[in-house]
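One structure is given below, encoded as structure tokens.
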């Protein structure tokens with residue numbers, strides 16, 4: 001956690017800022033519709049219906065903005081988990097690039113300089129041992 005304090009921006013702060021951003025955009029747009037556009041629309045649509053539609057559109061807009069904000073904030077986690085899944089399947093040629101997100105994902109992604117090589121070496125060693133063990137088990141049967 002000490003490394004995160006140097007970076008000053010954590011995932012929780014990013015989530016809060018994202019939610020505040022969505023709220024500001026949604027509420028300011030709704031206020032514009034209700035306070036500025038509503039008087040011009042009163043001849044065409046009842047005020048209660050205009051307000052209801054404005055609030056409904058605000059909910060939909062919040063969902064759309066929230067979706068894109070969540071996708072943006074979790075893209076690094078998706079990249080890391082995809083690479084880990086591929087490595088678990090035995091694809092040892094995966095290189096995990098350094099990321100600079102200034103949050104917990106960067107800490108999760110930080111690794112010792114020789115990590116990639118040591119993982120490959122460890123997997124090869126266990127792969128050879130597994131194949132030998134499989135051949136031994138077939139001889140016993």
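Can you find a residue in the stretch 87-99 that is surrounded by 11 or more Cβ atoms within 10 Å (Cβ to Cβ), at pLDDT below 90 and in a helix (DSSP H, G or I)? Within the stretch 87-99, one or more residues are surrounded by 11 or more Cβ atoms within 10 Å (Cβ to Cβ), at pLDDT below 90 and in a helix (DSSP H, G or I).
Annotation note: of 35, 50, the sole residue that is free of Cβ contacts under 8 Å to residues at least 40 places away in the same chain, over 27 Å from residue 106 (Cα atoms), exposed (fewer than 12 other Cβ atoms within 10 Å of the Cβ) and more than 19 Å from the chain's Cα centre (by Cα) is 35.
The values are calculated or read from the model by the stated rules, or taken from the named source; none is laboratory data. Keep in mind it's a predicted model, so treat the numbers as computed, not measured. Using ideal geometry, Cβ is built from the backbone for each residue, glycine included, and neighbour counts are taken over all protein chains shown.
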